[in-house]
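> Following this message is one structure expressed as structure tokens.
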Amino acid sequence: MLHMHPPPSVVEFTKILGAIVNMKDYAIPIYLYTQMESRGILPYTVTLNILMNCYCHLGQLGFAFSVLAKILKLGYQPSVVSLTTLIKGLCITGKVLDACTIHDNIVAKGFRSDQVMYGTLMSGLCKSKGSGNAIQTLQELEALQLVKPNLVIYNTVIHGLCKDGLVNKAQKLCSEMIQRGIFPDVVTFSSLIYGFCHADQWKEVRLLLNENSLDVCSFNIIMDALCKQGLLLEAHAVCYEMIKRGVQPDVISYTILMDGYCLKCKVDKARKLFDMMIEAGLVPDVWSYNILIQGYCKIERVDEAMNLCEDMLTKNLVPNAVTYKYLFDGLCRFGRLPDAWNFLTRMHYRGHRPPDLTPYNIILETLCEQHLDKANKIFNSLIPEPNVQSYNILISGYCKNGRVDEAMSIYQNMCLRNIVRDSETFKLLINAFCKRKQCDKAIALYKNNRDLCPFKILMDGLRKNGMEEVAQRVSQLYGACDPDVALVRNQLAL
């Protein structure tokens, strides 16, 4: 399209950018836009809104605001979509107060917002545990009569209240909504069911179940809550009720029941449900496999767990970080370390690299408990780009074996490779030094890393190893300039 003469209109280019954004890909439209701009294709407001949306989803709010400046520079008026996109971007990145400030400023300047903007703001408030503020905003909205709240806005606030454990407030808001002529739908009932289930108000759940037409999602919420409480018979009864009403169980329904059985170590019954799900024409997802893999590993039937991993691959399902964690925890816990390593090698050979270092770190931790030097050899030669957890595991192994100088060598290697140390790194080393009564080394480590090492770690290490007097002197020397000194002084009763 860029090479056509004359080029298509900007509308056609914008349609392509919009289609890619709908595929949840946000980097490519930015690149394509720069290609358009370099060819002199002038964007219009919709194009720039799409660009702004991409920057917001990528967390690059500075660029998003620069797109707003570009809209103004080109002589366009920012639309309600432009401003809603910015508010959504701020909410996505956790800057909900900034979103509220922008909203209040544009309303004060006479800009008329719409239901989508208010819904976006409500969603941001609720996700930031501010459902109480969302109610207040809703009340202000109704009082000022700027925009009439619709069902989506009410559902957003009701859902937020239920997630925050304020189900009674959610129920009251639902009643007020009905009085205003807005009637709840299955989304409203699902949120209330979730809230009542987690508040153990089963009488209210039963009332909602009996009085309303619910979808599979609503039934799944009830079954999940029952299974987590070990009430499998009741969960099955809800499943039968669902089928009786003509609502067919989905993959999530079966997986919830499987999880309930696995929590009680009844893995064979969970496997029967898994097979029934396939016979019903449903395709298990990674979550379904992970539930069974964890269940088999829990009861030491790791071969069956490995077979399930192989089965996943034949179904073109890629094991995720959770799959590797469950499987490698099971293999290493039951002394099957060679099998764990062989499985990892086979996965590499097939082109399936683990999504993170979880399996390597589990193997490393197991080796540190049995063959420390072998663990160090594997660490140096086989783990791709060790992370801070990998280093901490090795440092812990050396410290537990009293080889603190070697642990410090590993720490120095971390520094050379610019691996950011965390509080666990310093806790391990300072405790090891204090245990050996090498207070000077513990204090030096703290002094050289005040920006990374909390003062409390040094104090705890000294105190735990019976060095109260040293702790007092250290507190007097270094504590005054430390922000948590008051807390430490209270704990040490100084």
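> Of the numbered conditions (1) modelled with pLDDT of 95 or more; (2) of a type outside the set (S, T, N, Q); (3) not in a helix (DSSP H, G or I), Leu292 satisfies every one except a single condition; which is it?
(3)
> Continuing with the same structure: Which one of the conditions (1) farther than 27 Å from Thr156 by Cβ; (2) among the aromatic types (Phe, Trp, Tyr); (3) surrounded by fewer than 18 Cβ atoms within 10 Å (Cβ to Cβ) does Trp202 fail to meet, given that it meets all the rest?
Every listed condition holds for Trp202 apart from (1).
> What number of residues within segment 209-237 are in a helix (DSSP H, G or I), among the hydrophobic types (A, V, I, L, M, F, W, C) and surrounded by fewer than 21 Cβ atoms within 10 Å (Cβ to Cβ)?
So the count comes out to 6.
> Taking the condition within 16 Å of Met122 (Cβ to Cβ), in contact (Cβ under 8 Å) with a residue 24 or more places away in the chain and not assigned by TED's automatic domain parsing to the domain that holds Val107, does Gly160 pass?
So Gly160 passes the test.
> What pairs come up if the first residue lies in segment 420-444 and is touching a residue at least 24 places away in the same chain (Cβ under 8 Å) and over 12 Å from Ile457 (Cα atoms), the second is of a type in the set (Ser, Thr, Tyr) and buried (at least 16 other Cβ atoms within 10 Å of the Cβ), and their beta carbons are under 7 Å apart, counting only those six or more places apart or on different chains?
Nothing qualifies.
The values are calculated or read from the model by the stated rules, or taken from the named source; none is laboratory data. Keep in mind the model is a prediction, meaning the values are calculated, not measured. Methodologically, a virtual Cβ is constructed for each residue, glycine included, from the backbone with ideal geometry; neighbour enumeration extends over all protein chains shown.
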